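Below is one structure; the comments refer to it alone.
The values are calculated or read from the model by the stated rules, or taken from the named source; none is laboratory data. All of these numbers come straight from a predicted model, not from anything done at the bench. Cβ placement follows ideal geometry from the backbone for every residue including glycine, while neighbour counts extend to all protein chains displayed.
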Amino acid sequence: MGDITFLYPYLFWGLAIPLVIFAILISTNKDNLSRVFDDKVLARLSAGSDTIPPMLRNITLFLAIFLMVVAISRPIENRGDKIVEVKGLNLLTALDISGSMRSKDDYPNRLEFAKKKMLRLFEKMPTDEVSVIAFAHASFVLAPFTSDKSTLSQIVERVNDRYINMASTDFTALARLASSMLDKKKPKILVVFSDGGDAKALKGFAEQIKDSGIELYTVLIGTKKGAPVLDERGKPITQKDGTIAITQRNDDLGKIATDSGGAFVVATNGNEDIDKLITTIRSKHKNVQQSEVKVKDTVELFVYPLSIAIFLLLIALSSIPRRRRAK
């Protein structure tokens, strides 16, 4: 049997000591108490009875109250520490914030559509730890690994048009940051929400992912038909020859994902795309141990003093004499 302590010891001493003092005063110093309390109040506190002695009733009543104080102070039995295995996955998610994400072939634009898909991923993986990074010409961490999906969702929702970087996308910078953040994780899972960039942007990315042992899963944003690239004012950007620059979804990023041992989906309206991706990830990594956590092994004991207190309180109250009706 382990040590028995109180979860709230300050509550026990703060209530028990005044209660004991008050009980002693009630039992032994009635004359002085009559100067403080009205006779009717004092009579209720130490009511007489022709069934059990008043002193015994008072002792029973105060003992019941004392046991209630013990119960609300939460007595617990400490049985030492135990190791708990936490089941789940560590996922690094990456949000594309390059200039092409302003395009409006997905409603209302690619960036907002990608954010919606990312939030769906958080919702469907509540017990897993997730980190969020953003990438364009450079990559940076938006949120470290956490299981607090509410906070992650708030961080992603705050990413807006002002984050977009018109410089060319550098997937090699994304690979370097992902490799660093997933260095001690097993398995190493990276989920990228992107329109794929161009062939130049993807050059060398597949080799870096393979060398780092990262499984890449991709949510492809945008359409094959494409849409105009927009500037910060929402105006189409023109090329040197005067034609409007068009950005199309590049499915080569999906091929890199499958070659790494991962998978990809094309983002569509509805939730089937993200649900399918999550099913794929989970089926490949069943019962993965995320970590070991040392926790205190305790047993709540408040039910015992509370049960005895209720029993004694019933005895004390049932012995109070009823007023007899005059004949």
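Residue pairs whose Cβ atoms lie under 6 Å apart, sitting 6 or more positions apart in sequence or on different chains, and linking a residue in the stretch 219-240 that is loosely packed, with under 10 Cβ neighbours inside 10 Å to a partner that is modelled with pLDDT under 95 and in a loop (DSSP other than H, G, I, E, B), do not occur here.
So if I check each of 47, 16, which one is modelled with pLDDT under 80, more than 36 Å from the chain's Cα centre (by Cα) and not polar (S, T, N, Q)?
On the way: 16 fails: modelled with pLDDT under 80.
Exactly one of 47, 16 is modelled with pLDDT under 80, more than 36 Å from the chain's Cα centre (by Cα) and not polar (S, T, N, Q), namely 47.
Can you list the helices (runs of 4 or more DSSP H) found entirely within the stretch 208-327 that contain at least 3 residues being modelled with pLDDT under 95 and either of a type in the set (A, V, I, L, M, F, W, C) or over 21 Å from residue 116 (Cβ atoms) (or both)? Of the helices (runs of 4 or more DSSP H) lying wholly inside the stretch 208-327, those with at least 3 residues that are modelled with pLDDT under 95 and either of a type in the set (A, V, I, L, M, F, W, C) or over 21 Å from residue 116 (Cβ atoms) (or both) span 272-284, 303-318.
For the stretch 117-141, which residues satisfy the criterion of being under 17 Å from the mean Cα position of the chain (by Cα) and without any contact (Cβ under 8 Å) to a residue 60 or more places away in the chain?
Filtering the stretch 117-141 for residues under 17 Å from the mean Cα position of the chain (by Cα) gives 118-132.
Residues satisfying the conditions are 119, 122, 123, 126, 127, 130, 131, 132.
The residue pairs whose first member lies in the stretch 6-30 and is outside any helix (DSSP H, G or I), whose second member is of a type in the set (A, V, I, L, M) and modelled with pLDDT under 80, and whose beta carbons are closer than 9 Å, counting only pairs six or more residues apart or on different chains, do not exist in this structure.
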